[in-house]
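These notes concern the structure reproduced below.
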Amino acid sequence: MPVMIAGLTELYATLDRLTAIETLRRPMYKSVLLVQGKMQVYPPPRPKQKYIRTGTLGRRWTHVVHETATGLEGVIGNNTRYAPRVQGFETQGALFRRRWQTDRDTLEQSLPQIVEFFETSIDDALRR
C-alpha cells in the first residue's frame with residue numbers, strides 16, 4: 001500500500017542522510033505507537049459471553065523502529081499464536097470478522113494521521 005509523503009524527496013535532497021533519518025524517527029515512532037494502541041483495543045464482550053478475557057492478545061502487541069538502507073522501517077507485531085486468527089486481515093477467522101479490527105484495516109484507517117505526522121515533521125525540518 002504505497003503512501004505519498006509530501007516533502008520527502010526534498011528532505012533527502014536538502015539535508016544530509018543522518019539528519020533526514022533523525023527528522024523521520026519521531027513521526028515513525030508516533031505512527032507505530034498509534035497503530036499498536038488501536039490494535040490493543042478489544043471489542044465489547046458478546047452478550048452472555050462466558051469466556052473471561054485474559055488480555056494477553058492486547059498486551060503482546062509490540063513495535064520496533066530500525067534503520068534500513070533506504071531510511072526507517074516501523075514494524076508492529078504480536079507473538080500470540082492465535083493473533084493472526086483474531087486480527088490478521090488475510091487470516092481472520094469467521095468468528096472474529098466484523099467484531100475485531102484487523103491489522104490492515106487499522107493501518108488504512110490510521111494513514112491520514114500517519115501522513116500528517118510525517119509531513120509536519122518534514123515541513124518543520126525544511127523551514128529551519
In degrees, nearest ten, helix 17-39 long axis to first principal axis of the chain (Cα): 20
Contour excess over end-to-end distance, with Cα ends at residue 53 and residue 90 and 0.36 nm allotted per residue: 11.0 nm
Pair residue 10, residue 113: separation of 7 Å Cα→Cβ label points (nm): 2.6
Coil-residue GluC sites (Glu not before Pro) of the range 74-117, DSSP, other Cβ within 10 Å capped at 11: 90
Crossing angle, helix 103-127 versus the chain [Cα axis fit, 0-90 degrees, rounded to tens]: 20
Charge dipole (debye, nearest 20) of the range 88-128; +1 at Cβ of Lys and Arg, -1 at Cβ of Asp and Glu: 220
Karplus-derived 3J(HN,Hα), 6.51/-1.76/1.60, for each residue of the range 60-75, Hz, glycine and proline x: 8, 6, 9, 8, 8, 10, 9, 7, 10, 4, 10, x, 10, 9, x, 10
Cα lying deepest toward the dipole's positive end in the range 45-107, options 96, 83, 45, charges on Cβ: 45
Most mobile listed residue (106, 14, 70) in the chain, GNM with C-alpha springs under 10 Å: 70
Dipole magnitude of the range 12-73 about its Cα centre (Cβ charges: Lys, Arg +1; Asp, Glu -1), debye to nearest 20: 760
Positive-pole candidate from 54, 13, 70, dipole of the chain, charges at beta carbon: 54
Residue of 27, 84, 45 that the Gaussian network model of the chain assigns the largest fluctuation, springs spanning Cα pairs under 10 Å: 45
Dipole in debye (nearest 20) - the chain, about Cα centre, beta carbon charges: Lys, Arg +1; Asp, Glu -1: 1260
Inter-label distance, nm, simple model (7 Å from Cα along the C-beta direction), residue 26/residue 126: 1.7
DSSP-loop trypsin sites (Lys or Arg not before Pro) across the range 1-74, with at most 16 other Cβ within 10 angstrom: 48, 50, 53, 60
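Here, each number is a calculation from the coordinates, and none is a lab measurement. Everything quoted here is computed from the prediction, not taken from an experiment. With ideal geometry, Cβ positions are generated from the backbone for all residues, glycine too; neighbour counts draw on all protein chains shown.
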